[in-house]
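The values are calculated or read from the model by the stated rules, or taken from the named source; none is laboratory data. All figures in this text were calculated on a predicted structure; none of them were measured in a lab. All Cβ positions, glycine included, derive from the backbone under ideal geometry; neighbour counts span all protein chains shown. Accessible surface is based on the protein model in full, side chains and every heavy atom, while ligands, DNA and RNA are left aside. Shrake-Rupley method; radii C 1.70, N 1.55, O 1.52, S 1.80 Å.
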Amino acid sequence: MSPSRMPRMIGYARVSRADMKEDRQTQRLKEMCARVYTEKVSGAAKSRPVFEKVLAGLRAGDTLVVLDLDRAFRSSLDALRTMETLQARGINLRILNMNLDLSTEFGEVVFGILAALAQFERKMLARRTREGIAAARKKGKQIGRPRALSPGEAREVRLAVSEQRLSRDEAAQRYGVSSSTVYRACRKAA
């Protein structure tokens with residue numbers, strides 16, 4: 001087999017936000033992989049260009065290596081479909097923190113169970129988050145970013161713009177907010 005056709009171990013690391021570091025993943029992956037690709041995008045995002053590029057570049061005999069199950073897959077269904085596609089192409093999958101090698105029958109079964117459990121945990125986390133937000137709102141807590149304009153300021157802006165005393169840009173500058181904030185404040189009156 002020529003060196004260019006030798007099976008490769010290709011690592012994939014993902015973090016959900018641009019301000020997060022992928023070092024924990026990449027350090028482990030670099031210990032065993034010829035190449036490590038990183039991506040900063042939510043796992044729930046419709047498009048993950050780096051992940052799609054990695055999958056497209058894999059050849060029969062290669063192994064895709066990820067540190068954790070949730071770094072590569074959105075749901076158990078996504079994991080199972082991707083695994084099926086990789087297997088049909090002769091590509092292996094390893095999940096390091098589970099010591100799971102999907103080239104074995106046992107690995108396939110365990111992977112299916114773990115993928116279902118991971119999806120269950122994500123659903124439980126989402127439910128707990130919704131319940132926590134609802135409880136905080138019930139106590140009168142403000143959830144999310146504070147409004148740029150108070151209700152009174154928003155009325156002042158709408159009135160000044162509608163009476164043409166200020167343009168939208170002038171109102172934005174005077175109140176120290178963006179033009180889009182002024183636009184939204186004016187639109188609410190319409």
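Applying 1/(1 + (r/R0)^6) with R0 = 35 Å to the Cβ-Cβ distance of residue 53 and residue 145 gives a FRET efficiency near 0.55.
Around the Cα centre of the range 97-190, unit charges on the Cβ atoms of Lys, Arg, Asp and Glu (plus for the first two, minus for the last two) sum to a dipole of about 880 debye.
Please state the shape class of the range 3-91: rounded when a/c is under 1.5, otherwise prolate if a/b exceeds b/c and oblate if not, all from the C-alpha gyration tensor. Taking the square roots of the gyration eigenvalues as a ≥ b ≥ c, the range 3-91 is oblate.
In the range 56-175, what percent of the accessible surface is made up of carbon and sulfur (1.4 Å probe, ligands and nucleic acids excluded)? The value for the range 56-175 is 53 percent carbon and sulfur by accessible area.
Modelled label positions at residue 125 and residue 84, each set 7 Å beyond Cα in the direction of Cβ, lie 2.6 nm from each other.
Judged by the gyration tensor of its Cα atoms, with axes a ≥ b ≥ c, the range 18-68 is oblate; a/c meets the 1.5 cut and b/c is at least as large as a/b.
Order 50, 66 by their accessible area, 1.4 angstrom probe, all chains in place, largest first.
On the way: 50 40, 66 0 Å².
Correct descending sequence by accessible area is 50, 66.
Using a probe of 1.4 Å on the protein chains alone, the accessible area found for residue 129 is around 70 Å². Here's the list of lysines a cross-link from residue 138 could span, going by alpha-carbon distance under 27 Å and ignoring same-chain residues fewer than 8 apart: 123, 188.
Considering only 86, 125, 151, the residue lying farthest towards the positive end of the dipole of the range 40-153 is 151, judged by Cα position with unit charges set on Cβ.
Just in the range 3-36: which trypsin sites (Lys or Arg not before Pro) are loop by DSSP and have at most 15 other Cβ atoms within 10 Å? Working shown, then result.
Details: sites: 5, 8, 14, 17, 21, 24, 28, 30, 35; in loops: 8, 17, 21.
The qualifying sites are 17, 21.
Sites listed here are trypsin sites (Lys or Arg not before Pro) in the range 66-172 whose DSSP assignment is loop and whose Cβ has at most 15 other Cβ atoms within 10 Å: 89, 139, 141, 147, 165. Values (1) 160; (2) 190; (3) 180 are given for comparison; volume of the Cα convex hull per residue in Å³, derived from the coordinates here, is the one labelled (3). On a 0 to 90° scale, report how tilted helix 105-138 is relative to the longest principal axis of the chain, with both axes built from alpha carbons and the result rounded to the nearest 10. Between the helix axis and the principal axis of the chain, the angle is about 10 degrees.
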